[in-house]
1. If you add up the charges near B:Thr101, with Lys and Arg at +1 and Asp and Glu at -1, over every other residue whose beta carbon is less than 14 angstrom from its beta carbon, what do you get?
2. Ignore the peptide's own chain and count Cβ atoms of other chains within 10 Å of each Cβ in A:37-46; give me the average, rounded.
3. Counting other beta carbons within 10 Å of each residue's own, what order do B:Thr109, A:Thr111, A:Thr57 fall into, fewest first?
4. Output wanted: per-residue J couplings in Hz (rounded whole) for the stretch B:85-93, from phi through Karplus 6.51 cos²θ - 1.76 cosθ + 1.60, θ = phi - 60°, x for Gly and Pro.
5. Within 10 Å of each Cβ of A:28-36, how many other protein chain Cβ atoms are there on average?
6. Calculate, in whole percent, how much of the Cα-Cα pair population of chain A lies beyond 17 Å.
7. Specify the residue with the greatest mean-square fluctuation among B:Ser79, B:Ser27, B:Ser57, computed from a Gaussian network of chain B linking alpha-carbon atoms under 10 Å apart.
8. Over the Cα atoms of the stretch B:4-96, what radius of gyration and what Dmax do you get, in Å?
Amino acid sequence: GAVVSQHPSRVICKSGTSVKIECRSLDFQATTMFWYRQFPKQSLMLMATSNEGSKATYEQGVEKDKFLINHASLTLSTLTVTSAHPEDSSFYICSATRQDSNQPQHFGDGTRLSIL
Amino acid sequence: GQQLNQSPQSMFIQEGEDVSMNCTSSSIFNTWLWYKQDPGEGPVLLIALYKAGELTSNGRLTAQFGITRKDSFLNISASIPSDVGIYFCAGQGNFGNEKLTFGTGTRLTIIP
């Protein structure tokens, strides 16, 4: 069964809206979660590393004020796309790994964001 | 961001054929991972490799961690229709909580 849950699976909204995406680790604690963005027919590109209890680490070129990340607990990280525009339309995927382990990351099922 | 070079970009094969794809990097990774992604879903882990030279199998899948730590390959034997999808390699540092660097992907299509 799934070990990482992502919600919602699909969002369609108007330009200018802010959208929040949740990523939950099921039955394990994750001090670190990752947020990726994937455009059609392309690979996953890391946006940011979400650290529980501290600020997220953003990859070069990713606007931290545009993509707000909150990791308030060991099982939940949220990504908020603020004032979304059509160019923000993409497939957003999170991943998580068990705390203090060398186990591979498990991915959520992704969120398809469409901005009209 | 950095991406790993993965080849081939796409493959069209008949059911029952064997498949081989590889991934190369300009930098060293201490962990190599292979994922499969179906349309509209997140990647699912197939095989994890932790040691240079390691050869690991998972059913019909076999993957190897290159001795230089800069490459890896994935083989699929006797392909079946459910093998269709996009395969990604990913490189990682020493620990599971370190970020992944993904390959460009290989799209596998099975011709009826």
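Since every read-out is calculated from the coordinates, none of them should be taken as a lab result. Worth saying up front: this structure is predicted, and the values here are computed from it rather than measured. Positions of Cβ are generated from backbone atoms using ideal geometry, with glycine treated the same way; all protein chains shown enter the neighbour counts.
1. Combined, the nearby Lys, Arg, Asp and Glu give 0.
2. 5
3. B:Thr109, A:Thr57, A:Thr111
4. x, 10, 9, 10, 8, 8, x, 8, x
5. Partner Cβ neighbours, averaged per residue: 2.
6. Percentage above 17 Å: 51.
7. B:Ser27
8. Taking only Cα atoms of the stretch B:4-96, I get Rg and Dmax of 12.8, 38 Å.
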